[in-house]
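Data first, discussion second: the structure below is written as structure tokens.
The values are calculated or read from the model by the stated rules, or taken from the named source; none is laboratory data. Note that the structure is a prediction, hence the values are computed from the model and not measured. Reconstructed Cβ throughout: ideal geometry from the backbone, glycine too, with neighbour counts over all protein chains shown.
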Amino acid sequence: MTNRLLDVKGLETHFNTPEGIVHAVNGVSFTLDEGETLGIVGESGCGKSVTMLSCLRLVPMPPGKIVAGQANYKDRDLLAISEDEIRKVRGAHIGMIFQDPMTSLNPVMTIGKQLTEPLILHLGLTEKQARNRSIELLGIVGIPRASDRLKDYPHQYSGGMRQRVMIAMALACMPDILIADEPTTALDVTIQAQIVELVIQLREELGMSIVWITHDLGVVASIANRVAVMYAGFIIEEAPVKKLYAGPSHPYTVGLLNSLPQIQVQEKKRLYSINGMPPTLYKIPHACPFAPRCPWVIERCWSENPLLFPIGDSHKVACWVDIKTGRER
Amino acid sequence: MSFNNGPLIRVEDLVMHFPITRGVFRRQVGAIRAVDGVSLEIEQGETLGLVGESGCGKTTLGRTILQLYEPTSGHVYFEDTDLTQLKPEPLRQKRKRLQMIFQDPYASLNPRMTVREIIGDPMLAFGMASGKEIDARVSELLDLVKLDQKYAGRYPHEFSGGQRQRIGVARALALNPSFIICDEPISALDVSIQAQVVNLLEDLQEELALTYLFIAHDLSMVRHISDRVAVMYLGVIVELSDRNDVYINPLHPYTQALLSSIPVADPEYYVDHQRIVLKGDVPSPANPPSGCRFRTRCPIAGDECAEVEPELREISPGHFVACIKVPGKEVDTQDT
């Protein structure tokens with residue numbers, strides 16, 4: 001029996017803006033088991049980053065506000081514990097890497113200083129122990145001549161190397177969960193391949209669980225065990241990776257997959273495109289948020305927002321229509 | 001027109017070095033060799049895809065073709081006119097026919113101008129239309145890029161990324177160009193919006209008989225839109241071929257590595273997929289490796305690769321490769 005590490009229930013996060021309340025996350029529930037990699041896929045503004053930031057209470061408050069929900073890590077609700085306690089969880093038990101390694105590293109601090117800090121803080125190592133451990137960590141993430149490079153500043157590293165440093169920092173305290181928020185989006189494909197391979201290798205060596213947030217359906221196919229697709233602050237489909245790609249069941253997932261050019265296909269043919277744009281989230285949707293763009297839309301979609309419900313073995317979808325038959329479920 | 005059926009664009013040995021200077025006298029101590037001897041041709045009505053990693057010189061090549069930079073050496077022929085030899089005013093007149101669509105739809109539109117002003121400005125600059133004529137033409141162009149005409153009075157911030165890119169396309173079309181450089185036009189857009197813009201570009205090409213140079217790092221999208229594809233590495237073209245050839249039978253080890261790094265939206269693909277993972281980063285273009293520039297990251301490089309700079313050779317009809325390890329004769333097709 002695998003251990004459940006993270007159990008998020010009914011998470012809702014709002015942002016107060018001058019234009020009104022933005023409903024960024026609207027009741028998201030998911031779980032993460034030990035050793036599992038969950039991919040969260042969606043386009044910009046769908047709430048995928050805010051969901052994970054909310055779990056760690058890293059959403060800037062104000063303007064952000066976690067309105068409802070639980071985020072149970074092992075037996076503690078991360079949304080209910082004290083500020084001191086969550087601070088001990090961040091970094092030590094749940095590590096995080098971000099999209100842009102240049103802005104997430106401090107430009108006026110050496111790499112060595114930034115790496116040793118969490119070790120001294122969370123693990124109580126001495127300066128010397130921390131230094132040795134840092135060299136070891138940089139070695140693990142594949143930075144050559146690590147001991148010389150500790151005194152370098154972030155600008156002396158390339159984009160791929162900076163992302164490796166970020167991973168080393170996230171791994172510093174051997175967390176159970178690594179949250180990767182679009183870690184390869186800013187990188188070139190060849191460097192992206194290096195980082196993905198590195199994370200896969202580390203996952204096997206260290207046995208950690210990963211939440212990989214991305215907009216790239218290709219990257220997720222290569223790394224995740226299970227995938228959740230988000231749209232307008234809702235999870236609209238969730239399934240084991242192979243099931244999702246072999247039998248996508250939400251019209252949005254289908255549209256996303258079809259709008260990618262097929263690298264294997266030889267003839268030139270027109271790309272499928274989803275009409276329109278994602279909605280702004282100023283009011284709580286009482287209809288399915290995808291309805292205005294959906295080719296399968298039926299009467300019920302305009303009056304009731306479908307909730308995620310199971311349609312098969314560990315496959316869940318939030319849609320009133322069975323797209324195989326075109327009829328209401 | 002004296003121009004007859006040759007390639008629309010012919011680039012000959014184009015070099016663009018940016019000087020690195022030091023001290024108060026700005027003494028030149030070196031050069032960033034962004035484009036280092038590129039030759040290629042683009043046929044009328046064709047789309048040539050140009051791919052490579054960031055910093056490989058693909059954007060610089062595009063801009064140098066348009067003479068937005070003054071090239072260090074080499075020639076660019078547009079309909080048999082050498083653009084590098086033109087005086088500023090004749091060059092400006094030629095530019096009407098050569099336009100560009102930029103990567104960042106947020107930075108490339110002036111936030112203080114309305115859509116009408118943005119699209120109408122090129123026509124004003126060239127004195128091609130005035131007042132009512134401009135309004136009529138702007139409406140026509142908005143129609144063409146499938147934006148509502150009533151948006152003409154709005155400002156860029158009122159639009160989404162995809163809509164802004166459409167405005168950028170309309171602006172590029174304002175002067176009836178025959179050649180458009182699309183510099184990563186979809187990189188900043190979401191997946192569902194990318195397909196919309198690519199479809200629009202394809203429709204316009206058909207309707208207006210446009211020729212594109214499509215610069216991108218997304219190899220799957222390049223394959224989709226291009227007729228031929230050129231792969232660039234550190235200022236030189238390493239492989240150039242028909243769109244299917246490059247993907248089915250890539251010959252240069254760099255192209256092979258690039259292709260194997262593309263994320264594919266199919267988990268089954270990864271079951272027995274051996275990714276070729278390149279070591280290290282792209283070297284600095286200020287000091288490229290001797291001989292073959294790719295040799296420092298190449299899985300099959302030997303000592304001889306440091307000696308000679310490989311030339312772009314035609315291996316099979318229309319398939320050019322710059323690698324001395326690729327046999328000169330017909331190569332047997334292998335599954336990759």
Collect the residues in region B:121-163 that are of a type in the set (Lys, Arg) and under 17 Å from B:Ala174 (Cα atoms), keeping them in residue-number order.
B:Lys132, B:Arg137, B:Lys146
Determine whether region B:166-185 contains at least one residue that is free of Cβ contacts under 8 Å to residues at least 60 places away in the same chain and farther than 17 Å from B:Arg116 by Cα.
no
Output for region A:286-329, where each listed residue is of a type in the set (Phe, Trp, Tyr), within 27 Å of the chain's Cα centre (by Cα) and in a loop (DSSP other than H, G, I, E, B):
A:Phe290, A:Trp320
Positions within region A:108-135 being touching a residue at least 40 places away in the same chain (Cβ under 8 Å), of a type in the set (A, V, I, L, M, F, W, C) and not in a helix (DSSP H, G or I), in sequence order:
A:Val108, A:Met109
Can you name every residue in region B:236-264 that is more than 22 Å from A:Leu271 (Cβ to Cβ) and in contact with a His (Cβ under 9 Å, 6 or more places away or on another chain)?
B:Val238, B:Glu239, B:Leu240, B:Ser241, B:Asn249, B:Leu251, B:Ser260
Considering residues that are crowded, with 21+ Cβ neighbours inside 10 Å, closer than 30 Å to A:Gly207 by Cβ and small (Gly, Ala, Ser), the number found within region A:1-55 is 5
Say whether the condition of being crowded, with 20+ Cβ neighbours inside 10 Å, part of a helix (DSSP H, G or I), at pLDDT 90 or above and among the polar types (S, T, N, Q) is met by at least one residue in region B:146-169.
yes
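Any idea how many residues of region A:136-153 are in a helix (DSSP H, G or I) and either surrounded by 14 or more Cβ atoms within 10 Å (Cβ to Cβ) or among the basic types (Lys, Arg) (or both)?
Step one: of region A:136-153, the residues in a helix (DSSP H, G or I) are A:136-140, A:146-149.
Keeping just the survivors that are either surrounded by 14 or more Cβ atoms within 10 Å (Cβ to Cβ) or among the basic types (Lys, Arg) (or both) gives A:137-140, A:146, A:149.
Total satisfying the criteria: 6.
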Report, by residue number, each residue of region B:41-54 that is away from chain A (no Cβ under 14 Å) and under 12 Å from the mean Cα position of the chain (by Cα).
B:Ile42, B:Leu48, B:Leu50
Using beta carbons and a limit of 6 Å, which pairs, at least six apart or on different chains, have the first residue in region A:41-67 and more than 15 Å from A:Glu83 (Cβ to Cβ) and of a type in the set (Lys, Arg) and the second one assigned to a strand (DSSP E or B) and modelled with pLDDT of 90 or more?
A:Lys48/A:Ile40; A:Lys48/A:Ile213; A:Lys48/A:Met230; A:Lys65/A:His14
Residue match in region A:169-176 (condition: modelled with pLDDT under 90 and within 14 Å of another protein chain (Cβ to nearest Cβ)):
no
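List the helices (runs of 4 or more DSSP H) that sit entirely inside region A:1-107 and contain at least 2 residues that are closer than 30 Å to A:Ser259 by Cβ and either under 14 Å from the mean Cα position of the chain (by Cα) or modelled with pLDDT of 90 or more (or both).
Working: elements: A:48-55, A:83-89, A:101-104.
Of the helices (runs of 4 or more DSSP H) lying wholly inside region A:1-107, those with at least 2 residues that are closer than 30 Å to A:Ser259 by Cβ and either under 14 Å from the mean Cα position of the chain (by Cα) or modelled with pLDDT of 90 or more (or both) span A:48-55.
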Residues in region A:171-186 that are buried (at least 22 other Cβ atoms within 10 Å of the Cβ), of a type in the set (A, V, I, L, M) and touching a helix residue (DSSP H, G or I) at 6+ places or on another chain (Cβ under 9 Å): how many?
4
Before we move on, is B:Ala174 among the aliphatic types (A, V, I, L, M), crowded, with 18+ Cβ neighbours inside 10 Å, within 30 Å of A:Ser44 (Cα to Cα) and away from every other protein chain (no Cβ under 14 Å)?
no
Take the conditions surrounded by fewer than 16 Cβ atoms within 10 Å (Cβ to Cβ), in contact with a strand residue (DSSP E or B) (Cβ under 8 Å, 6 or more places away or on another chain), more than 22 Å from B:Ile262 (Cα to Cα) and at pLDDT 90 or above and apply them to B:Glu330. Does it pass?
no
